[in-house]
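Here is the structure we will look at.
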Amino acid sequence: MRISTSMQYNSHLNYLQTANTKVDQASTQYNTGLKFQTAGEDPGGMAAKIKYQADITAYERYGDNAKVVSDALDQEETALGQIWDVMSSIQTRLIQAINGTLDDGSRQALAEDIKQSRDQLYSLMNTKNAEGEYIFSGAQSDIPTYTVTSDGNYICNADGSTKNVNVSPTITVQTTDSGLNIFENVMYAYDIEGVDLIDRRNNTSAGSPLYTISDYDQFNAFFGDHFDYGTGGTSAASNVNSFSIVFHDGGTFDLRDLNGDTIASGEVVDGKVEVNGMEFTLPDGFTPTDNYRIDFTLQQPEQGNILNKLTEIVNKLSLPKDEWDNINQSTSSLTHDLAEMQQNIELAKKQVDTYRGMVGARGANIDAIIQSDESLTDIKKEAKANVSEMDAFEAVSNLLVAQNALQVAQQSYNLVHSTTLFDYMR
């Protein structure tokens with residue numbers, strides 16, 4: 001086969017171009033730290049790189065979401081903690097108000113103190129986040145959780161829904177709690193009503209004794225055992241929640257249900273009947289005999305918010321004690337109302353504490369999720385680097401090899417093509 005001069009030139013030129021291309025490729029890898037720039041260089045590697053990058057982006061977003069959730073839960077837990085503290089302060093004031101040695105001025109001062117605390121609770125229940133959203137309003141976060149009407153009645157506007165955020169491919173975390181569940185749908189203290197002293201001889205009223213709940217633990221147990229919600233469990237059955245304290249000669253009594261079955265027995269002491277956490281004060285000069293009984297009914301349980309109950313007790317404390325007792329002689333006394341308010345506060349505190357615990361648990365869980373998202377992001381970055389990034393020492397080595405190869409090609413080219421006809425004629 002004849003080898004022409006042009007063939008030699010073309011062959012060496014191709015070799016030089018190939019060597020130069022390898023130098024450019026090695027130089028690019030060295031400068032960028034990447035094994036390839038396009039899918040054409042490594043289709044499989046580019047596909048793996050794109051997949052890992054998508055995973056990294058997703059986990060970074062999950063991590064950002066988790067941090068937002070963490071901040072939201074921290075704010076909610078702080079607000080609930082402050083609400084619990086304010087309620088505890090109100091509870092202390094109510095204990096002071098029961099003190100029989102307080103004069104009207106002192107009680108009115110306590111009423112003003114409780115009023116200020118109620119307003120603080122109102123503000124805390126309408127807590128906003130950094131974006132100006134009401135954190136306890138549910139999905140309607142642009143509407144205040146509570147508003148107050150012109151007549152001083154507090155109305156809950158929360159819709160009962162919650163917000164949730166994805167913090168990993170498989171985990172969704174609740175970021176808010178509705179004030180409807182925390183503050184509004186709270187059971188009020190159980191109570192009795194229709195208290196009447198009955199003359200059994202002619203079945204007529206002989207007066208209305210004052211009463212109070214002296215021990216809510218005992219009374220709540222009695223209520224839970226004997227209250228009948230009726231068909232479907234939604235409303236009190238007619239008359240079935242009526243009870244009687246039947247007196248006997250000698251100062252003893254029996255607590256009986258509607259069927260006449262005895263639930264408890266005891267003795268009248270200092271004109272008072274104490275049974276199952278209830279205390280009834282008999283009229284002055286009254287002597288309990290077989291001719292009399294006290295009828296009462298367990299009151300239908302109610303739900304509501306503590307703000308309205310606080311308004312009621314503030315109004316009561318603001319009145320002179322004698323005036324309040326005279327107005328309400330037939331149903332209750334200031335002592336009863338204060339004791340009931342203490343129980344209402346206790347129930348509200350338990351509800352707040354329950355949700356504060358739930359928020360704290362979610363907060364502890366979110367910290368673990370943040371760490372997990374960060375770890376998974378690092379794993380995906382390492383996997384991506386293994387597929388697409390060059391080792392620094394390998395990149396330097398490849399570049400030096402390519403440069404040496406190009407240099408040798410250049411030298412051989414000069415050597416071969418520098419010969420002339422006169423060189424062959426020597």
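Out of 178, 208, 214, I need the residue that is in contact with a Phe, Trp or Tyr (Cβ under 8 Å, 6 or more places away or on another chain) and small (Gly, Ala, Ser). Which one?
Of the residues listed, the single one that is in contact with a Phe, Trp or Tyr (Cβ under 8 Å, 6 or more places away or on another chain) and small (Gly, Ala, Ser) is 178.
Go through (1) in the same structural domain as residue 163 (by TED's automatic domain parsing); (2) of a type in the set (Ser, Thr, Tyr); (3) modelled with pLDDT under 65 and name the single condition residue 52 misses.
For residue 52, the failing item is (3).
Identify the single condition in (1) β-branched (Val, Ile, Thr); (2) under 29 Å from residue 95 (Cα atoms); (3) in a loop (DSSP other than H, G, I, E, B) that residue 240 does not satisfy, given that it satisfies every other one.
Unmet condition: (2).
Identify all residues within the stretch 105-126 that are assigned to a helix (DSSP H, G or I) and either polar (S, T, N, Q) or not assigned by TED's automatic domain parsing to the domain that holds residue 307 (or both); write none if there are none.
106, 108, 116, 117, 120, 123
Any residue at all in the stretch 381-393 that is in a helix (DSSP H, G or I), in contact with a strand residue (DSSP E or B) (Cβ under 7 Å, 6 or more places away or on another chain), at pLDDT below 75 and surrounded by 15 or more Cβ atoms within 10 Å (Cβ to Cβ)?
For the stretch 381-393, residues in a helix (DSSP H, G or I), in contact with a strand residue (DSSP E or B) (Cβ under 7 Å, 6 or more places away or on another chain), at pLDDT below 75 and surrounded by 15 or more Cβ atoms within 10 Å (Cβ to Cβ): present.
List, please: which pairs have Cβ atoms under 6 Å, are six or more places apart or on different chains, and start with a residue in the stretch 113-136 that is farther than 13 Å from residue 154 by Cα and end with one that is of a type in the set (Asp, Glu)?
Pairs that qualify, where the first residue is farther than 13 Å from residue 154 by Cα and the partner is of a type in the set (Asp, Glu), are 135/76.
Touching a helix residue (DSSP H, G or I) at 6+ places or on another chain (Cβ under 9 Å) and of a type in the set (Asp, Glu): is that true of residue 312 in this structure?
Taking the combined requirement at face value, the residue satisfies it.
Scan the stretch 351-380 residue by residue and report those that are β-branched (Val, Ile, Thr), surrounded by fewer than 17 Cβ atoms within 10 Å (Cβ to Cβ) and under 12 Å from the mean Cα position of the chain (by Cα).
Correct list: 354 only.
Scan the stretch 133-164 residue by residue and report those that are at pLDDT 90 or above and surrounded by fewer than 13 Cβ atoms within 10 Å (Cβ to Cβ).
Once the filter is applied, which keeps residues that are at pLDDT 90 or above and surrounded by fewer than 13 Cβ atoms within 10 Å (Cβ to Cβ), the stretch 133-164 yields 142, 149, 150, 151, 152, 153.
How many residues are modelled with pLDDT of 95 or more and over 13 Å from residue 188 (Cα atoms) when one looks only at the stretch 312-352?
Number of matching residues: 1.
Return the residue satisfying two criteria in turn: it lies in the stretch 152-179 and is under 12 Å from the mean Cα position of the chain (by Cα) and not polar (S, T, N, Q), and of such residues it is farthest from residue 136 (Cα to Cα).
Among them, the one singled out is 173.
The values are calculated or read from the model by the stated rules, or taken from the named source; none is laboratory data. Note that this is a predicted model, so its numbers are computed, not measured. Every residue, glycine as well, gets a Cβ built from its backbone with ideal geometry; the counts of neighbours run over all protein chains shown.
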